[in-house]
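Novice: One structure, as structure tokens, below. Some questions next.
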Amino acid sequence: MKKIIDVSLIIPLKNDYNIFKELYFYILDQEVLPKELIIVDTTIGGNIEKLKNLKELNNEINIKYINKINCYPGKARNVGVQYSVSNYLAFLDVKTFPPKNWLANYYKLLINSKKKVIFG
């Protein structure tokens, strides 16, 4: 079992389910896992059934699915923040595949510094 850190990872999603599916497995392959993954799906009709199938493949991360039709990415991120329960927030765009162990590295940097925000 991987280490879970006190981070909510928020990802807006619109019409990019197949790319999100790749990103999802990429996130699960990281050194540490976020406490929760918040997916804000702005697709008309949503992707809830497809996402339920992915959720069944993982029992380590709490996954929250929010369907908020026709939001732009910035607003979708803000919606995700409202549902977050973690002390720290991380954001990814659905087509952004960060370097391996990015979450672990930035979390350590944030915890060990007096910074309130890190952009990367």
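The values are calculated or read from the model by the stated rules, or taken from the named source; none is laboratory data. Note that this is a predicted model, so its numbers are computed, not measured. Neighbour counts are summed over all protein chains in view; Cβ atoms, including those assigned to glycine, are modelled from backbone coordinates with ideal geometry. To get the accessible areas, we keep the full protein, side chains included, count just its heavy atoms, and leave off ligands, DNA and RNA. Shrake-Rupley method; radii C 1.70, N 1.55, O 1.52, S 1.80 Å.
Novice: Taking H placed 1.01 Å from N in the peptide plane, check which residues at least 5 places from K64 or on another chain put their amide H under 5 Å from its amide H.
Specialist: HN-HN under 5 Å from K64: L37, I38, I39.
Novice: Along the charge dipole of the chain, which of I69, I44, I118 sits closest to the positive end, that is, farthest toward it, with unit charges on the beta carbon of Lys, Arg, Asp and Glu (+1, +1, -1, -1)?
Specialist: Checked the options; the winner is I118.
Novice: Another question about this same structure. If you find the alpha carbon centre of segment 63-80 and of segment 39-53, how far apart are they in angstrom?
Specialist: Segment 63-80 and segment 39-53 have Cα centres separated by 11 Å.
Novice: Using helices alone, I'd like the mean residue ellipticity at 222 nm for the chain: each DSSP H run of four-plus residues gives -39500 (n - 2.57), total over residue count, nearest 500.
Specialist: -10500 deg cm²/dmol
Novice: Still on this structure, I have one more. Taking a cut-off of 18 Å between Cα atoms, list the aspartates and glutamates near K75, but don't count ones fewer than 8 places away on the same chain.
Specialist: Those aspartates and glutamates meeting the cut-off are D16, D41, D93.
Novice: Leaving out ligands, DNA and RNA, what percent of the accessible area of segment 31-120 is carbon and sulfur, probe 1.4 Å?
Specialist: 53
Novice: When N is the residue count of the chain, what does its C-alpha Rg come to as a fraction of 2.2 N^0.38 Å?
Specialist: On the way: Rg = 13.7 Å, N = 120, 2.2 N^0.38 = 13.6 Å.
Computed over Cα atoms of the chain, the ratio equals 1.01.
Novice: Using packing as a proxy for protection, rank 49-55, 34-40 so that the peptide with the highest average count of other Cβ atoms within 10 Å comes first.
Specialist: By packing density, highest mean first, the sequence is 34-40, 49-55.
Novice: When ligands, DNA and RNA are left out and all protein chains stay put, how many square angstrom of accessible area per residue does segment 10-120 have with a 1.4 Å probe?
Specialist: Per-residue value: 61 Å².
Novice: Distance from a point 7 Å along Cα→Cβ of V85 to each backbone N in segment 47-64: keep the residues under 11 Å and list them by number.
Specialist: 62-64
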